[in-house]
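Student: One structure, as C-alpha cells, below. Some questions next.
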Amino acid sequence: AQSVAQPEDQVNVAEGNPLTVKCTYSVSGNPYLFWYVQYPNRGLQFLLKYITGDNLVKGSYGFEAEFNKSQTSFHLKKPSALVSDSALYFCAVRDNSNYQLIWGAGTKLIIKP
Amino acid sequence: KAGVTQTPRYLIKTRGQQVTLSCSPISGHRSVSWYQQTPGQGLQFLFEYFSETQRNKGNFPGRFSGRQFSNSRSEMNVSTLELGDSALYLCASSRGGENTEAFFGQGTRLTVV
C-alpha cells in the first residue's frame, strides 16, 4: 500500500540556519511527490513537486527538496530559515493506481529569532 | 486566475442538523477532493470527484456525502451533525492526472454545538 511518513512532529531551527523537514514514502511504480505548507487557519499551499528528472527540485519561497530513490526519501530543505517559515508542512505522494494523494501527518516547523 | 473558493468560511450548527459546504475549483480543473482537518487527526481524506463521478472515497460514515456538477463545482453534505464533526473542511482541485498538484481553498470552519 502507498504511504508517506513524516517522522518528526516538530522541528525547531534558529533563524538563519539551514532547515530540513523529513519525508519518506512507499509507493509502487514511479513516485510523484509533493510538499505543501499550511499557515494557521488557512488552506494548504503548494510548494514543489518531483515528477522525474533532476533529483533536486526547487520550489516557492526559496524551498527545495531532494529526491533519493534508494532511501525512498523526499526531504524538504532551505539554506537559511526565516521566522516567517514557521508553519505546518505536509508531504504527499500520488497513488498511481487511483490518483489519490496520500498525505503525511505533517511537521510543525518553528523558526526562532 | 481565480483560486479555489469555498463557501461559507465559517459555520455554526447545532447537533443533529445537516450542513452543505460548497467548493468552486480553478477553471479547467476536473478533480475536486475534500478533506477534514482536526488538530488531533491531521488531514483526513473524505472523497474525490472527477468529471462528476466519485473516483475515491475515504473511511467516513455515510453521513458524509458529496457530489460534483457539470461545471466541476462540488458540494459536500453532512447529515445528523455530531460534536465530533467540528473541524476545518478543505477542498482541493486539480487537473486530475497523476503528476498534477492540487490547489486548496481557504477552508470552511464548521463548529457543531
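Bear in mind these aren't lab numbers, they're just calculated from the coordinates by the rules spelled out. For clarity, every value in this text was computed on a predicted model and none was experimentally measured. Cβ sites come from the backbone with ideal geometry, for glycine too, and all protein chains shown count toward neighbours.
Student: If Lys and Arg each add +1 and Asp and Glu each add -1, what is the summed charge of the other residues whose beta carbon sits under 14 Å from the beta carbon of B:LEU11?
Tutor: +2
Student: List the lysines whose alpha-carbon lies under 21 Å from that of A:LYS112, not counting same-chain residues fewer than 8 positions away?
Tutor: Of all the lysines, those that pass the test against A:LYS112 - Cα under 21 Å, at least 8 places apart if same chain - are A:LYS22, A:LYS77, A:LYS78.
Student: HN-Hα J couplings of the stretch B:5-17 from phi, Karplus 6.51/-1.76/1.60, θ = phi - 60°, integer Hz, Gly and Pro as x?
Tutor: After applying 6.51 cos²θ - 1.76 cosθ + 1.60, I find 10, 10, 9, x, 7, 9, 8, 10, 10, 9, 3, x, 6 Hz.
Student: Treating each Cα of the stretch A:57-97 as an identical point scatterer and ignoring solvent, apply the Debye formula and state log10 I(q)/I(0) at q = 0.31, 0.32, 0.34 Å⁻¹.
Tutor: -1.23, -1.25, -1.28
Student: Give or take rounding to whole Å, what are the principal axis extents of the alpha carbon atoms in the protein assembly as shown, in descending order?
Tutor: So the extents along the principal axes, rounded to whole Å, are 49, 39, 35.
Student: When the Kirkwood hydrodynamic radius is evaluated over all pairs of different C-alpha atoms of chain B, what value in angstrom, to one decimal, is obtained?
Tutor: 14.0 Å
Student: Here's something else I'd like to know. Using only the Cα atoms of chain A, build the gyration tensor, take square roots of its eigenvalues as a ≥ b ≥ c, and label the shape rounded, prolate or oblate: rounded if a/c is under 1.5, else prolate if a/b is larger than b/c, else oblate.
Tutor: Taking the square roots of the gyration eigenvalues as a ≥ b ≥ c, chain A is prolate.
Student: If you average the sequence gap of Cα pairs under 8 Å that are 6 or more apart and divide by the length of the stretch B:2-113, what percent do you get for the contact order?
Tutor: Computed over the stretch B:2-113, the figure is 37 percent.
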